[in-house]
Amino acid sequence: MREVMLVAMREIRQVLGTKGFWFMIAAVPVALAVSGFASNQLAPERSVAYSVVDETGLYEDRITARLEYDYQASELRDLAEYVERWELQDAVPDAPWASRQSWLFPAEVERFADMGGSEAAIAALEPFREEGVPEFEPDDRSYEQIAFPDDLTLPDAGEEPDEKLIAALEGDVDVEDRELPFGAVLQIPANFGEPGAEARIFTNGRSNTGLIRVIREELSGSLQDGAFAAQGIAPDTALAIQGLQAPVSVIEPPPGAGRSVVATRSVVPIALVYLLLITAVTTGSLMLQGVVEERSNKLVESVLACIKPDALMQGKLLGLGAVGFMIIIVWAGTGMIGALYFEGFAADVLRPSLEALDDPLLIFAMLFYFVTGYIVLAMMFLAIGAVSESMQDAQSYLTPVILLIMIPVLIVMQAAISGPDQLVVKVLSWIPIYTPFAMLARLGTGVATWEIIGTMVLMVIFVWIELRLLGRLFRASLLNDGKPTWKRMVGWLKSSEAGR
Amino acid sequence: MSAAAMAFDGVTKQFGDFTAVDHLSFAVPEGTIFGFLGGNGAGKTTSLRMALDILTPTGGRIDVLGNPPSRESASDIGFLPEERGLYKKMSVLDTIVYFARLKRMEAGPAKQSAMALLERLELADWAKSPVEKLSKGMAQKVQVATALVNSPKLLMLDEPFSGLDPVNQKMLEDLIADAAKDGATVIFSTHVMQHAERLCDRLLMLARGKKAFDGTQDEARAALPARLELASRTAPDALPGVESAEAIGTAEDGWIKYDVRLNSGVTPEQLLEHCTTNGFGLRSFDVQTPSLHEVFIHFVGANEEIER
């Protein structure tokens, strides 16, 4: 064991001494920091100011009301998520935000707005908010309406906007102490509704698609109302027809149950699949380079005079395994700290995912598949290194091996995410080189205990056989000059005396 | 004879159908400098690898420092392989310490011993440099240091002089002599007879895996028919024990020089005694000591690839 540790420590020091390793290990935290900074600092401002010049006086209120409804609905959704996250449901049990629902009905949004919206909800929640629970932060309205500036003029129908208007649309305006980009002006001509008359939206070129969609929908709705009236349908009837809602009620499982928790529980194991691939391939390549160096440098004989080939192999597996683990800890650690520290989408996904890992068997199984998966892949790299004379030589073995691993694994990932019970996933779960990937992908969806134990036994047997067989190949090829033939390699695999 | 530091008893090693070492038996007495002589493919490297437990013999028995070959003995052994290499990115000091640690030395003593060796090899200034910055000769010295760092009882060197320039060859010869002086047993394989001639107490000559000779340099030379140069007025070919006598050069005042070969088992002293008692006139009588190269050709044959 002492020799194994010495070899492992040397391998670790060698890797830590390379610049490439530090670039790689820093890549994820730096990427996270940059993306965090970018999303904080460089994200386009969400709010936009707009004006409506409605010469008919018929449509402006309708558009304003619709934008307000959308804003309140979005606030209600955010608030319900916040309440669920911090377990504040009991504060005002009958409030619209006390339970999170995928579907919001207009009546509920209106009730929320009538109750005073986010500000009233924040006040109602305040007495229940414990220390450490942040206050809910309402979003700003995406579209703030301003009066059309007096010093600007709109073009007549069919004419281009003048330069002053164009310049104004490229600038900012003050709205309640905030500077917002002046995003759009809606011009509704007095004859709107007659054939040939059109409403025009002048924009600053930014795609305010949300605003334009709402304007379109509401203007169309108004015209439809007019058409109903023209058909002799009373306005109340028309409104009733348009307001018809199919009587559908949406029943959702309580939080922490149902498919959402299945998906939640799969996040960490599936992330492990990708981490396994990345670390096994990265450290495997380092291992391969190391063995090729030792062989081509002829220094392996000096080492073998002091320690057994098995100790050399185990030391390499252990040392580079530790390096792989270090990479994962740094990546996952910074990812986790980042996600939990910064509130946001990632944090919302990650937090429940970690909380869902409540079953000790699940955690043990995750670690088991990860470690055995690592050994299976790393041994392959080690064996390739041992039979290759140069890196170029290794490449010819490496490409088919990587394809052999990657392609089914990517298929498994696709299949496991779309439907974990698919036959292909189940079959691959029992083919040892794919078992760790398939099982990790399936773990979150609930796998029968017998299947977990069965595949674990299979993996133990396979790893044992692999260590023995590839160990022979490693031992026999170390002192063998040049590139062995396939026939020779098969001979080594068969003989327990290979290389002795 | 003192105890053996290494002994082979009927050792055979086969690789498939090829017999690399064939029923080889010999013993290396403790404290001697022992030469493994043979051309390419004679079985020198295979024998050393078996002694190190890197290879297992097909048959026979090997003892190394009183035990069967095992990595357990690594702490008492220093080994320098024929083909050498080092971890390029590792520093000189770390490299030597790493090998010392593999040979079960503790970190502190390993470092001390490594630094002392580097001083002696005039490489102390390079201790922190990565191996890739060294010249070839310097790297060879570092490799020698990895073999010597644990002050081994048994030093095995496989073709240690190959690839060294004359200055470093001399340095290595001195190191080997010093190690022996300190009590180590040194075994080295070579196909360069000069080094063996200068260093070895005992020799093992190998030809295609078989032992051709095993003994001291004197014994090796004594096994060759004696040869001498003498000057006489009469041809010496009729004298008892003379196998052949060939005149060389021209006569000087009637004295002629002869290159004389004796029958095997006959010594020059016996011939000299015969001449003086029987009044055979001699003007000079020079015994020619055979070179190791001649001894090697005698035992192994002229076809083996060796250097004088």
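Determine the alpha carbon to alpha carbon distance for each of B:89/B:136; A:316/B:133; B:44/B:153 and list only those over 22 Å. Beyond 22 Å: A:316/B:133.
To the nearest 0.05, how large is the calculated FRET efficiency for residue A:65 and residue A:139 if R₀ is 25 Å and r is the Cβ-Cβ distance? Present the calculation step by step, with values, prior to reporting the outcome.
Values: r = 19 Å, r/R0 = 0.75.
Approximately 0.85, to the nearest 0.05.
Oblate is the label for region A:50-240, because the ratio a/c of its alpha-carbon gyration tensor axes (a ≥ b ≥ c) is 1.5 or higher and a/b is not greater than b/c. Once the Cβ-Cβ distance of residue A:487 and residue A:422 is raised to the sixth power relative to R0 = 51 Å, the FRET efficiency obtained is 0.80. The mean count of C-beta atoms from other chains within 10 Å of the C-beta of residues in A:292-303, rounded to a whole number, is 6.
Of all beta bridges that DSSP places with both ends in region B:4-221, some 55 percent have antiparallel geometry.
Label-to-label distance for residue A:47 and residue A:431 is 5.7 nm, based on points extended 7 Å past Cα in the beta-carbon direction.
Run lengths n ≥ 4 of DSSP H only: what is the helix-derived mean residue ellipticity at 222 nm for the protein assembly as shown, with -39500 (n - 2.57) per run over all residues, to the nearest 500? Kindly include the intermediate steps, with their values, before the conclusion.
Values: 27 runs with 406 residues, N = 808.
Helix-only estimate at 222 nm: -16500 deg cm²/dmol.
Computed from Cα positions, the angle between helix B:107-120 and the longest principal axis of chain B comes to roughly 40 degrees. Extension gain, residue A:9 to residue A:157, is 45.3 nm, computed as 0.36 nm per intervening residue step minus the present C-alpha separation.
You can think of it this way: the chain between residue A:147 and residue A:363 has 71.8 nm of extra reach, that is 0.36 nm per residue less the Cα-Cα gap. Its Cα centre serving as origin, region B:141-193 has a Cβ charge dipole (Lys and Arg +1, Asp and Glu -1) of approximately 120 debye.
Taking the inverse of the average 1/r across all pairs of different Cα atoms in the protein assembly as shown, what Kirkwood radius in Å do you get? Don't jump to the answer; show the numbers that get you there.
Working: mean 1/r = 0.0284 Å⁻¹.
Evaluated over the protein assembly as shown, this radius sits at 35.2 Å.
Between 0 and 90 degrees, the angle of helix B:268-277 with respect to the longest Cα principal axis of chain B falls at about 20 degrees.
Between residue A:337 and residue A:298, the simple label model (points 7 Å from Cα in the Cβ direction) yields a spacing of 4.9 nm. From most to least packed by mean Cβ count within 10 Å, the peptides B:49-56, B:131-138 give B:49-56, B:131-138. With the simple model of a label 7 Å out from the Cα in the direction of the Cβ, residue B:40 to residue A:167 spans 8.9 nm.
Using the Cβ-Cβ distance between residue A:2 and residue A:410 with R0 = 30 Å, the FRET efficiency computed as 1/(1 + (r/R0)^6) comes to roughly 0.15. Think of each Lys and Arg Cβ as +1 and each Asp and Glu Cβ as -1; about the Cα centre, that makes the dipole of region B:4-221 roughly 520 debye.
Report, in degrees rounded to the nearest 10, the 0 to 90 angle that the Cα long axis of helix B:166-181 makes with the longest principal axis of chain B. Its long axis makes an angle of about 90 degrees.
Expressed to the nearest 5 percent, the antiparallel share of DSSP beta bridges inside the protein assembly as shown is 60 percent. The mean number of partner chain beta-carbon atoms within 10 angstrom of a residue's beta-carbon across peptide B:75-86 is 4.
Kindly put A:281, B:64 in sequence by how many other C-beta atoms sit within 10 Å of each C-beta, fewest to most.
Numbers: A:281 18, B:64 24.
With the fewest neighbours first, A:281, B:64 line up as A:281, B:64.
Values quoted throughout were computed directly from the atomic coordinates according to the rules given, and no laboratory measurement underlies them. Please read these numbers as outputs of a predicted model, since none were measured by experiment. As a convention, Cβ positions derive from the backbone with ideal geometry for all residues, glycine included, and neighbour counts pool all protein chains shown.
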